[in-house]
Amino acid sequence: MFGFFIFILLPLLIAGLCYFIKDLKIQYIISLIVATFHLCLSLFVFVGIYNPQLPTFFSIDSLSKFFIIILSNVYFWVVLVSFSFLKRSVIPKAEHGKKYYFTLLNFYLTANSAAMLSNHFGMYWVAAEATTLSVAPLIYYYRNEESLEAMWKYLFLVSVGIAFAFIGILFLTLSANGTVLEGKQLFYWEFINDAKQLNPIWLKASFIFIFVGLSTKIGIAPMHSGDVDATSNAPSPIAALMSGSLRLTSLIGVMRIFQIISFSSSFEFARLLIIIGAVLSLFVAFVFMFKVNNYKRMLAYSSVEHLGLITLGLGIGGLAFVGALYHAVYNSITKIILFLMAGNIHYHFKSREVDKVRNVLNFLPKTGWLFLLAYLAISGIPPFGIFFSEIKIFGGILFSDKPFLLVVVMFFLLFIFVNMGKIIFTMLYKKSENENRDSQIEQFELTHFIAIALFILLTVISVVSPDILYQNIVNITIDFGIKL
Amino acid sequence: MENVLSILFCLSLFYVAVTSRVKEYVTILRFQGIILTISSIIPIFYHFSFLGLILPTTLLLVKVYLIPRYINKVILDLDIKRYIETTIQQMVFMPIVILSMIIIFLVSSILAHNTELNVIPFASGFSAILVGIYIIMFRKKLIVHVCGFLILENGIFLFGTAVASELPMMIEIGILLDVFVVVFLMGIALNRIRSTFEGFEVSHLGRLKD
């Protein structure tokens, strides 16, 4: 029960406690302690030092171990930066909302951990919906028109999407009619073990509904719009949390049904659907990168692109599957840096419009350089991790039954790289016409420290490539029945 | 009995398709809540247990009392106009609903040849899901969208009863709680939308574009 307490109950208790504590600093300290405990325990579980006994509806396997460590890592850095972020001045109306920040953040951790550790589709659904509920008010942090609209759209679209996913779960129950699974509970492993017996028509219908429904939360095209609006208008730590971990929470739901279907005769159908969704996401990111004029929106589209790449890797299978899992780790870390630096730029220039941001390297040299490095990292420049994971995904595509996809993907990625670069270099270097501000010495802030620490982490993981991580990924591929 | 309740549920959908008053939507939500509560009570007659009473009680509390009361409060507080505004004519909406329902019932009966399923609750639930989506698509007022979402949720619930296996009670209650909190948050958001945009229609939400 200790594991269950730290992963799920403690954040829930602290969420309740934060609601009653008025002092933000105390809220911050206890939230940080919870985040540290969560990270340490995830690490122990991941390394194999500790194997927690969890109650019914929850269990730990290679996939949940892998995703919970990503969540813990992203959450820890986000909480760490939150207090310095909250100290920044906002409009008076928004000041009032700050007191709920840590309550919601802790509730998010509870819901997200529950979703990742669940071994039952019903429990997963309840927890995944709860993550939406905890994040939606955080999107409305700035209390302005854009954030309100983004929150409404996110709440509404994702709730409808998740409702669709629930229909998919009911279809899964129907697919078990007439088999040994009839009348049984929706535990993943029972369905995986007897996947061959499931009715293929209902199983396909189930996959369509779950995939399309959860796409609203993952940000897979054409269901990405609510997610893009939310990520681009949320405060930067929350945007980092959404891009780095919340999207993966939904992805794990898709992976669970994909795992079931991969042992049945409907596998090729599901695979094709996933590949179409992924390529469409890359296409959407490719098109919108041409016209986007809001740099946080650009980062949101970059998330659509990378989640597209991850799903593509999952769909292709083999080496690409391994690459996709590595990509999930690297993308989550890089996105934290990108969003935190974008937050610094937003705070200084008071605008998210690219045209209103000029000469960042002069005004905010530390932020500017780190932002540039993060752009290079997300674009797949070595020695940062994404280079290695993309190589694996490309290799996987090349040796798969659909090698022509590599040309399409490379084409999209090239233009995304160029267009993102154009926007970022304009922000960093271009001087405004009537520039009258002198360059200032930028203070070394906590965000810079976090960015540097994350760069080191990113490089160490990608260069050293820890055996424990590789072994876990191999275990996941075995669970999915993939031969490497 | 289940079939009778499902048919009553379908009739409520027809009423939703013809009514043009916002308050009637709330009445229908309450009515559907009662039907769902009764359908969840039926199994108790066969195997009585006190634990089994928890789900119907929660359903009654959430779907019949709390949610309709909360939506009514939002309507009163925000002084929302009584009539819904549509993007298509009411006379077109009704045939679309009827046609969709006919197709759903036909397809369901064909599907029932291969899989063992309760056609009437299955098709009624699915019809409600579709009507909910139509309401979201073809109505302008955001509060009506929330009602459409709830009709969709009710449809899923009924649909769930048509599928043989039952979800554990703890999860069912979790789902109800989630739905309630969604509606609660949407109510708060509507309140803010009213003070920020001075209106509650979809047309007011057009700032976020590429």
- Task: Scan B:36, B:61, B:111 and give me the residue that is surrounded by fewer than 16 Cβ atoms within 10 Å (Cβ to Cβ) and either closer than 18 Å to residue B:163 by Cα or without any contact (Cβ under 8 Å) to a residue 60 or more places away in the chain (or both).
- Result: B:61
- In the stretch A:70-95, how many are outside any helix (DSSP H, G or I) and not polar (S, T, N, Q)? 4
- For the stretch A:1-27, which residues satisfy the criterion of being aromatic (Phe, Trp, Tyr) and either buried (at least 21 other Cβ atoms within 10 Å of the Cβ) or at positive phi (or both)? A:7
- Query: Would you pick out the residues in the stretch A:157-176 that are closer than 24 Å to residue B:178 by Cα and more than 7 Å from chain B (Cβ to nearest Cβ)?
  - Reply: A:157, A:158, A:161, A:162, A:164, A:165, A:168, A:169, A:171, A:172
- On the given criteria, is residue B:133 facing another protein chain (nearest Cβ under 9 Å) and either assigned to a helix (DSSP H, G or I) or farther than 27 Å from residue A:181 by Cβ (or both)? yes
- Do we have residue A:444 as in a loop (DSSP other than H, G, I, E, B) and either closer than 19 Å to residue A:244 by Cα or at pLDDT below 95 (or both) here? yes
- Query: Assuming residue A:263 fulfils every condition listed in (1) in a helix (DSSP H, G or I); (2) in contact (Cβ under 8 Å) with a residue 24 or more places away in the chain apart from one, which condition is it?
  - Reply: (1)
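Return the total of residues in the stretch A:192-226 being within 12 Å of chain B (Cβ to nearest Cβ) and assigned to a helix (DSSP H, G or I).
Selection size over the stretch A:192-226: 10.
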- Item | Whichever residue in the stretch A:64-100 is crowded, with 16+ Cβ neighbours inside 10 Å, of a type in the set (A, V, I, L, M) and at pLDDT below 95 and, among such residues, is nearest to residue A:136 (Cα to Cα) | A:94
- Query: What residue, of A:317, A:343, is on the phi > 0 side of the Ramachandran plot and either within 20 Å of the chain's Cα centre (by Cα) or at pLDDT below 95 (or both)?
  - Reply: A:317
- Within the stretch A:177-188, is there a residue that is crowded, with 24+ Cβ neighbours inside 10 Å and more than 8 Å from every other protein chain (Cβ to nearest Cβ)? no
- In the stretch A:458-474, which residues are part of a helix (DSSP H, G or I) and surrounded by fewer than 15 Cβ atoms within 10 Å (Cβ to Cβ)? A:460, A:463, A:464, A:467, A:468, A:470, A:471
- Query: Within the stretch B:70-85, is even one residue touching a residue at least 12 places away in the same chain (Cβ under 8 Å) and among the aromatic types (Phe, Trp, Tyr)?
  - Reply: yes
- Message: One residue is enough: does the stretch A:140-147 have a residue meeting the conditions within 22 Å of residue A:210 (Cβ to Cβ) and within 8 Å of chain B (Cβ to nearest Cβ)?
- Response: no
- Can you spot a residue in the stretch A:251-268 that is in contact with a helix residue (DSSP H, G or I) (Cβ under 6 Å, 6 or more places away or on another chain) and of a type in the set (Lys, Arg)? yes
- Matching residues in the stretch A:350-379 - criterion: being closer than 19 Å to residue A:458 by Cα, free of Cβ contacts under 8 Å to residues at least 24 places away in the same chain and either of a type in the set (A, V, I, L, M) or not in a helix (DSSP H, G or I) (or both): A:376
- Query: Could you give every pair whose Cβ atoms fall below 9 Å, whose first residue belongs to the stretch A:194-205 and is within 10 Å of residue A:180 (Cα to Cα), and whose second residue is at pLDDT 90 or above and surrounded by fewer than 20 Cβ atoms within 10 Å (Cβ to Cβ), counting only separations of at least 6 or pairs across chains?
  - Reply: A:194/A:263
- Report yes if some residue within the stretch B:78-101 is within 14 Å of another protein chain (Cβ to nearest Cβ) and under 30 Å from residue A:199 (Cα atoms); otherwise report no. no
- Selection from the stretch B:157-210 of residues that are of a type in the set (Asp, Glu), facing chain A (nearest Cβ under 7 Å) and not in a helix (DSSP H, G or I): B:210
- Task: Could you figure out which of (1) at pLDDT 85 or above; (2) surrounded by fewer than 20 Cβ atoms within 10 Å (Cβ to Cβ); (3) farther than 20 Å from residue B:137 by Cα; (4) touching a helix residue (DSSP H, G or I) at 6+ places or on another chain (Cβ under 8 Å) isn't true of residue B:52?
- Result: (1)
- Residue count, the stretch A:396-421 (criterion: in contact (Cβ under 8 Å) with a residue 40 or more places away in the chain, closer than 17 Å to residue A:271 by Cβ and among the aromatic types (Phe, Trp, Tyr)): 1
- Task: Would you be able to say whether some residue in the stretch A:400-410 is out of contact with any helix residue (DSSP H, G or I) (no Cβ under 7 Å at 6 or more places or on another chain) and crowded, with 19+ Cβ neighbours inside 10 Å?
- Result: no
- Query: Got a sec? Which of A:72, A:89, A:59, A:147 is of a type in the set (Ser, Thr, Tyr) and under 30 Å from residue A:206 (Cβ atoms)?
  - Reply: A:59
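The values are calculated or read from the model by the stated rules, or taken from the named source; none is laboratory data. Note that the structure is predicted; figures quoted are calculated from it, not measured. Reconstructed Cβ throughout: ideal geometry from the backbone, glycine too, with neighbour counts over all protein chains shown.
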